[in-house]
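In what follows, a structure is listed as structure tokens, so that the remarks can point back to it.
Here, each number is a calculation from the coordinates, and none is a lab measurement. Note that the coordinates shown come from a computational prediction; the quantities given were computed from them, not determined experimentally. Neighbour counts are summed over all protein chains in view; Cβ atoms, including those assigned to glycine, are modelled from backbone coordinates with ideal geometry.
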Amino acid sequence: MENEYDVVIIGGGAAGLSAALTLSRARRRVLVVDAGHPRNAPAGHVHNYLGRESTPPGDLLAIGRSEVMGYGGEIRNGIVTAVHPRSDAPERPRFAVELADGTGVAARRVLVTTGLTDELPDIPGVAEHWGSRVLHCPYCHGWEVRDRPVAILGLSPMSAHQALLWRQWTPTSPCCCTPVRRRPRTSWRGSPGAASGSSRARSPASAPTGPGSPTARSCRSTPWS
Ligand SMILES: Cc1cc2nc3c(=O)[nH]c(=O)nc-3n(C[C@H](O)[C@H](O)[C@H](O)COP(=O)(O)OP(=O)(O)OC[C@H]3O[C@@H](n4cnc5c(N)ncnc54)[C@H](O)[C@@H]3O)c2cc1C
């Protein structure tokens, strides 16, 4: 039937589109429903992806969508609001999938690839510069700030590990900053930024514009730095 699929994939980021490509090539009837807010959207480029190094995130997804549709996979912009198991008829698709626009589809299987949302610390400037000067992963973006001063936000016990890790990219000894709650807000002079989300970001690193930047000055050295 028109609105029945072998697999409905909720989330059309890299994971969802990769699954859709494989399943479409396996001659499954596939629908990807995507809300259009991939986690890495703030970043200028995707790194460490062989064959597509430095591709802008949006371009990578556009290529992926095109590849999926080339094998008959369908992609719909929208938000899945509910998935209900159906047990009325065993031969029918097992799941009813509801979308925010009031439409619905049926699926034999549902694949959830909704990614995660970063929950940023309430520090002015962090949200504004997230993905450009405030970084979560040295392997993804350390090269772009190599040899520049980097500060580690000490938000978890893993921050010490982060501080040591970053020394591979910058000779400047990174320092760990205590959470903003323990210092006066005036120490952080970045532009105001609000953050929200559902998953805690672990020890993001900040790359100040220079050694004398407010962020760098507000750091407190730690024994391991
Ligand atoms: C700033 C930043 C930079 C990064 N850079 C890199 C990098 O260079 N290299 C690297 O390998 N990794 C990088 N990452 C990690 C990156 O986020 C992942 O590699 C990649 O985005 C994960 O893809 P995903 O498909 O799991 O999730 P996402 O890309 O987040 O995609 C999930 C999708 O599901 C959608 N969605 C969520 N809920 C629903 C719903 N109810 N209905 C419909 N759709 C929904 C979202 O809108 C989104 O489009 C970076 C992360 C961040 C934060």
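Using the Cβ-Cβ distance between Arg25 and Asp122 with R0 set to 35 Å, the FRET efficiency from 1/(1 + (r/R0)^6) comes to roughly 0.20.
Placing a pseudo-label 7 Å from each Cα along the Cα-to-Cβ vector at Ala35 and Glu67 gives an inter-label distance of 2.5 nm.
Over 16 Å, how big is the tail of the calculated P(r) for segment 17-81, in percent of all Cα pairs? Result for the distance tail: 50 percent.
Each residue of segment 19-28 is assigned a 3J(HN,Hα), and the resulting list reads 5, 4, 5, 5, 5, 5, 5, 8, 6, 8 Hz, derived from the Karplus form 6.51 cos²θ - 1.76 cosθ + 1.60 (θ = phi - 60°), x at Gly and Pro.
Under 5 Å from the amide H of Trp130 lies no amide H of any residue 5 or more positions distant or on a separate chain, with H modelled from the backbone and absent for Pro and chain starts. Need one number: % antiparallel among DSSP beta bridges in segment 4-112, to the nearest 5. In segment 4-112, approximately 40 percent of DSSP beta bridges are antiparallel ones.
Amide H contacts under 5 Å for Ile79: Ala100, Asp101, restricted to partners 5 or more places along the chain or on a different chain, H placed in the peptide plane at 1.01 Å from N.
A simple rule links phi to the HN-Hα coupling: the Karplus curve 6.51 cos²θ - 1.76 cosθ + 1.60 with θ = phi - 60°, which for segment 68-85 gives 5, 5, x, 10, x, x, 9, 10, 10, 6, x, 10, 7, 9, 7, 10, 10, x Hz, with x for Gly and Pro.
Compared with the direct C-alpha span, the chain from Ser132 to Asn77 gains 17.1 nm at full extension, assuming 0.36 nm per residue. Amide H contacts for Glu4 (H built 1.01 Å from N in the peptide plane; partners 5 or more residues away or on another chain; cut-off under 5 Å): Ala106.
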